[in-house]
Amino acid sequence: MRNNVYVYILIMAAVTYLIRLAPLILFRKEIKSIYIKSFLYYVPYVTLAVMTFPAILSATENIWSGLTGFIVSLILAYRGQSLFRVAMLACLSVFLVELII
Amino acid sequence: MNNLTYWKNGLKDGIPIALGYFAVSFSFGILAGNYGLSPFQAVFMSATNYTSAGQFAALGLIANSAGYIEMAVAQSIINLRYFLMSCSLSQKIDTDKAFFHRFLLAAGITDEIFAVSVCKKGRLHPFYNYGLMNMAMPGWALGTLAGIVSGSILPERIVSALSIALYAMFIAVIIPPAKGDRILAGIILLSILVSLLFAYIPVINKISLGFKIIILTILIAGGAAFLFPVSGDRDEE
């Protein structure tokens with residue numbers, strides 16, 4: 001390694017922090033445009049759905065435990081369980097399936 | 001509610017994030033060790049970055065002695081999605097709160113903290129996010145340390161089980177509002193289907209996750225905003 005690892009890390013941290021900070025500083029006033037407001041309203045749903053699927057299927061040791069965790073999460077979330085319970089029971093379901101398969 | 005109550009609520013909601021982080025950063029720690037980083041360097045990277053995709057990519061870049069500018073460009077591309085998330089959050093932060101809060105909140109805009117905080121009803125209280133950050137962020141750093149110091153502190157089964165926590169959380173965030181809202185349910189379903197296509201169609205499946213998230217978000221959320229504009233104060237219900 002020719003370059004200094006710490007310089008790399010500081011560059012990464014600075015770039016990433018600025019990306020996170022810029023919109024918080026630049027777009028402080030409430031946006032009036034209905035279109036942009038609607039866009040920002042939909043952003044989390046699309047972003048999180050895309051991040052979750054299909055990645056959730058390959059997150060665990062095998063696809064069956066991933067699929068089980070996915071279905072368990074869907075059912076519990078649909079029934080309005082808290083974040084904590086959904087996450088913990090999904091982990092438990094993965095653990096149990098992997099004991100068998 | 002006062003600041004302390006908000007902070008405590010944040011701590012509580014941060015527990016699943018912390019556990020999920022631990023599992024992901026545990027894998028990161030192991031890999032960082034394989035790439036020749038010292039435990040201090042790996043933990044230092046985790047404690048200053050909080051970006052899984054960015055950090056995994058950085059290991060490869062460092063090992064190949066990439067240029068500093070190359071590192072900066074790569075990180076800004078991989079992490080550009082935070083820009084979108086930050087735009088979305090910026091509108092939710094209580095405008096009465098002091099300006100300096102925004103500098104602290106910026107440090108905690110990760111996929112997971114964004115997911116949990118953006119879907120809270122009404123305005124966002126900075127102390128709620130501080131609670132999330134205080135609980136979740138140590139999980140990221142500690143997982144890295146555990147991973148790099150010893151790849152065998154946790155049995156593989158436990159790591160595998162914890163790996164699903166973050167995804168389960170994302171589901172718990174997006175499903176309840178979509179219940180009884182056909183537009184939102186349709187948008188989520190469409191996102192999942194297109195995401196699946198992007199994962200399997202040749203050539204397109206070479207697109208990195210960060211870019212895929214940006215492209216699909218702009219296309220789908222942009223299209224939805226055009227077709228189904230949200231009237232007024234839906235968010236403040």
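Check the stretch B:112-127 and report whether any residue there is touching a residue at least 60 places away in the same chain (Cβ under 8 Å), in a helix (DSSP H, G or I) and within 13 Å of B:Tyr50 (Cβ to Cβ). For the stretch B:112-127, residues touching a residue at least 60 places away in the same chain (Cβ under 8 Å), in a helix (DSSP H, G or I) and within 13 Å of B:Tyr50 (Cβ to Cβ): present. In this structure, is B:Gly180 of a type outside the set (Phe, Trp, Tyr), in contact with a Gly (Cβ under 9 Å, 6 or more places away or on another chain) and over 19 Å from A:Phe95 (Cβ atoms)? Against the criterion (of a type outside the set (Phe, Trp, Tyr), in contact with a Gly (Cβ under 9 Å, 6 or more places away or on another chain) and over 19 Å from A:Phe95 (Cβ atoms)), B:Gly180 does not qualify.
Of the residues in the stretch B:129-138, how many are open to solvent by 10 Å² or more (accessible area, probe 1.4 Å) and within 13 Å of another protein chain (Cβ to nearest Cβ)? Walk me through it before giving the result.
Initially, the stretch B:129-138 is screened for residues open to solvent by 10 Å² or more (accessible area, probe 1.4 Å), giving B:130, B:133-135, B:137-138.
With within 13 Å of another protein chain (Cβ to nearest Cβ) added as a condition, the list becomes B:133, B:135.
Summing the residues that are open to solvent by 10 Å² or more (accessible area, probe 1.4 Å) and within 13 Å of another protein chain (Cβ to nearest Cβ) in the stretch B:129-138 gives 2.
Among the residues of the stretch B:36-82, the one identified as among the hydroxyl-bearing types (Ser, Thr, Tyr) and more than 10 Å from chain A (Cβ to nearest Cβ) is B:Ser52.
Of the residues B:Ala58, B:Ala63, only one is open to solvent by 10 Å² or more (accessible area, probe 1.4 Å) and farther than 18 Å from A:Val46 by Cα; which? Talk me through it step by step, then tell me what you get.
On the way: B:Ala58 fails: open to solvent by 10 Å² or more (accessible area, probe 1.4 Å).
On inspection, the qualifying residue turns out to be B:Ala63.
Does the stretch B:148-165 include one or more residues that are farther than 16 Å from B:Tyr21 by Cα, part of a helix (DSSP H, G or I) and open to solvent by less than 30 Å² (accessible area, probe 1.4 Å)? No: the stretch B:148-165 contains no residue that is farther than 16 Å from B:Tyr21 by Cα, part of a helix (DSSP H, G or I) and open to solvent by less than 30 Å² (accessible area, probe 1.4 Å). Scanning the stretch B:189-219 for residues that are polar (S, T, N, Q) and either loosely packed, with under 14 Cβ neighbours inside 10 Å or more than 8 Å from chain A (Cβ to nearest Cβ) (or both) yields a count of 2.
Scanning the stretch A:86-101 for residues that are open to solvent by 40 Å² or more (accessible area, probe 1.4 Å) and either under 26 Å from B:Thr217 (Cβ atoms) or over 17 Å from the mean Cα position of the chain (by Cα) (or both) gives A:Leu89, A:Leu92, A:Phe95, A:Leu96, A:Leu99, A:Ile100, A:Ile101. A residue that is in contact with a helix residue (DSSP H, G or I) (Cβ under 9 Å, 6 or more places away or on another chain) and not in a helix (DSSP H, G or I) cannot be found anywhere in the stretch B:131-145.
When residues in the stretch A:3-24 are screened for being out of contact with any Lys or Arg (no Cβ under 6 Å at 6 or more places or on another chain), open to solvent by less than 60 Å² (accessible area, probe 1.4 Å) and modelled with pLDDT of 90 or more, 15 of them pass. When B:Ala224, B:Ala185, B:Ala172 are checked against the criterion of being modelled with pLDDT under 90 and in a helix (DSSP H, G or I), a single residue qualifies: B:Ala172. Checked against the criteria, B:Leu89 does not count as crowded, with 23+ Cβ neighbours inside 10 Å, under 25 Å from B:Ile214 (Cα atoms) and in contact with a Lys or Arg (Cβ under 9 Å, 6 or more places away or on another chain).
Within the stretch A:47-80, the residues that satisfy the criterion of being open to solvent by 50 Å² or more (accessible area, probe 1.4 Å) and either within 7 Å of chain B (Cβ to nearest Cβ) or touching a strand residue (DSSP E or B) at 6+ places or on another chain (Cβ under 8 Å) (or both) are A:Glu61, A:Leu74, A:Tyr78, A:Gly80. Inside the stretch B:168-188, residues that are open to solvent by 10 Å² or more (accessible area, probe 1.4 Å), facing chain A (nearest Cβ under 7 Å) and touching a residue at least 40 places away in the same chain (Cβ under 8 Å) make up a count of 1.
Any chance the stretch B:77-84 includes a residue that's modelled with pLDDT of 90 or more and either open to solvent by less than 50 Å² (accessible area, probe 1.4 Å) or assigned by TED's automatic domain parsing to the domain that holds B:Leu209 (or both)? Even if it seems obvious, please write down each step before you answer.
In the first step, residues of the stretch B:77-84 are kept if they are modelled with pLDDT of 90 or more; the result is B:82-83.
Still in the list and also either open to solvent by less than 50 Å² (accessible area, probe 1.4 Å) or assigned by TED's automatic domain parsing to the domain that holds B:Leu209 (or both): B:82.
Taking every residue of the stretch B:77-84 in turn, at least one turns out to be modelled with pLDDT of 90 or more and either open to solvent by less than 50 Å² (accessible area, probe 1.4 Å) or assigned by TED's automatic domain parsing to the domain that holds B:Leu209 (or both).
Do we have B:Gly60 as touching a residue at least 60 places away in the same chain (Cβ under 8 Å) and either farther than 23 Å from B:Met135 by Cα or not assigned by TED's automatic domain parsing to the domain that holds B:Gly108 (or both) here? It would help to see each step written out before you state the result.
Numbers: touching a residue at least 60 places away in the same chain (Cβ under 8 Å): no; either farther than 23 Å from B:Met135 by Cα or not assigned by TED's automatic domain parsing to the domain that holds B:Gly108 (or both): yes.
So B:Gly60 fails the test.
Scanning the stretch B:116-125 for residues that are at the interface with chain A (Cβ under 10 Å from one of its Cβ atoms) and farther than 17 Å from A:Leu21 by Cα, we see that the one that is surrounded by the most Cβ atoms within 10 Å (Cβ to Cβ) is B:Val116. Is it the case, given these coordinates, that A:Pro44 is at the interface with chain B (Cβ under 8 Å from one of its Cβ atoms), open to solvent by less than 30 Å² (accessible area, probe 1.4 Å), under 18 Å from the mean Cα position of the chain (by Cα) and not aliphatic (A, V, I, L, M)? Spelling it out, A:Pro44 is indeed at the interface with chain B (Cβ under 8 Å from one of its Cβ atoms), open to solvent by less than 30 Å² (accessible area, probe 1.4 Å), under 18 Å from the mean Cα position of the chain (by Cα) and not aliphatic (A, V, I, L, M).
The values are calculated or read from the model by the stated rules, or taken from the named source; none is laboratory data. Not measured: the values here are computed from a predicted model. Note: ideal-geometry Cβ built from the backbone for every residue, glycine included; neighbour counts use all protein chains shown. The protein model used for the area step is the full one, side chains on, heavy atoms only, and it has no ligands, DNA or RNA in it. Shrake-Rupley method; radii C 1.70, N 1.55, O 1.52, S 1.80 Å.
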